[in-house]
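Taking it in order: structure first as structure tokens, then the write-up.
The values are calculated or read from the model by the stated rules, or taken from the named source; none is laboratory data. As the structure is a prediction and not an experimental result, all values here were calculated from the model. Please note: Cβ atoms are built from the backbone with ideal geometry, for glycine as well, and neighbour counts cover all protein chains shown. Surface areas here come from the heavy atoms of the whole protein model, side chains and all, with no ligands, DNA or RNA. Shrake-Rupley method; radii C 1.70, N 1.55, O 1.52, S 1.80 Å.
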Amino acid sequence: MEEDAKRFVAKCDRCQRYGNNMHHPAELLHTVISPWPFMKWGMDIVGPLPQAKGKKILEESKGNWPEVLPGVLWAYRTTTKTCTGETPFSLVYGSEALIPVEIGEPSARFTQATEESNDEKLRTNLDLLEQRREATLIRMATHNQTIERYYNRKAHLRYFKFGDFVLKKVFQSTKIAGAGKLNPNWEGPYKVRGIAGKGAYELEAMEDKVLPSNWNDVHLEKYYF
């Protein structure tokens, strides 16, 4: 009787659609290490900025972030990172950057350095750079393993097969207008038509209409008829 009751409740359509959202990861963590320093900083994620009336560009009318951004990037590149124990600048050029404040308020490095001693230290740092990079890779691997263990402890693994029916999480942009708290948390059902990668699935609606994007399993829940 208990098993029959569980199966009956599991197939309740409203119970499934109004079920709580899940916050635990449904897949183990897959770490990615970018081998190109500064690569991501060169990406144009904004694109061309539209012009406002009077041909004033958007950046002028909405603040001075273009003037601030170079300083922010410079600070990021010259700040020691937890995972590496080094600054991105030093890992590329072999030496720490001379920051503007060391010139305005002269530091010992700035006042005592000569061109000859500076060239000698640069050559020494370049000779030791590969060793520093190898040590950094070891620290990064250890750091990633720590994060992975912490993340995976919280994971509730969930996998779907080809042909399974699932519900998809309702996002803010797909909520029914004016529904408020009465809006369901899940929508569908959809059919799994393919596996796009680790924890990612291709879905199609009941009328065989393919959804335009792949969906992560953390946003999916198995649907029972």
**Q.** Partner aspartates and glutamates for LYS81 [C-alpha distance under 19 Å; skip if fewer than 8 residues away on the same chain]
**A.** GLU96, GLU130, GLU134, GLU148
**Q.** Cut-off 11 Å between beta-carbons: net charge of the residues surrounding GLU187, Lys and Arg +1, Asp and Glu -1
**A.** +3
Q: Over the stretch 57-133, average the accessible area per residue using a 1.4 Å probe and give it in Å², no decimals.
A: 72
(Q) Give me the dipole magnitude in Debye, nearest 20, for the stretch 101-225 about the Cα centre, with unit charges on the beta carbon: positive for Lys and Arg, negative for Asp and Glu. (A) 1020
Q: Would you rank TRP215, TRP65, TRP186 by solvent-accessible area, highest first, keeping every protein chain in place and using a 1.4 Å probe?
A: TRP65, TRP215, TRP186
(Q) What whole-number distance in Å separates the alpha-carbon centres of the stretch 198-216 and the stretch 138-165? (A) 22
Q) Going down the list LYS181/LYS209; LYS6/LYS161; LYS168/LYS198; LYS11/LYS168; LYS6/LYS154; LYS11/LYS175, which pairs span over 19 Å between their C-alpha atoms? A) LYS181/LYS209; LYS6/LYS161; LYS6/LYS154; LYS11/LYS175
Q. Round to a whole number: what % of the accessible area of the stretch 91-225 belongs to carbon and sulfur, probe 1.4 Å?
A. 56
(Q) Heavy atoms of the protein only, probe of 1.4 Å, neighbouring chains included. What is the accessible area of GLU115 in Å², nearest 10? (A) 140
Q: List, in order, the whole-Hz ³J(HN,Hα) value for each residue of the stretch 81-95 obtained from phi through the Karplus relation with A = 6.51, B = -1.76, C = 1.60 and θ = phi - 60°; use x for Gly and Pro.
A: 9, 4, 6, 10, x, 9, 8, x, 4, 5, 6, 8, 9, x, 9
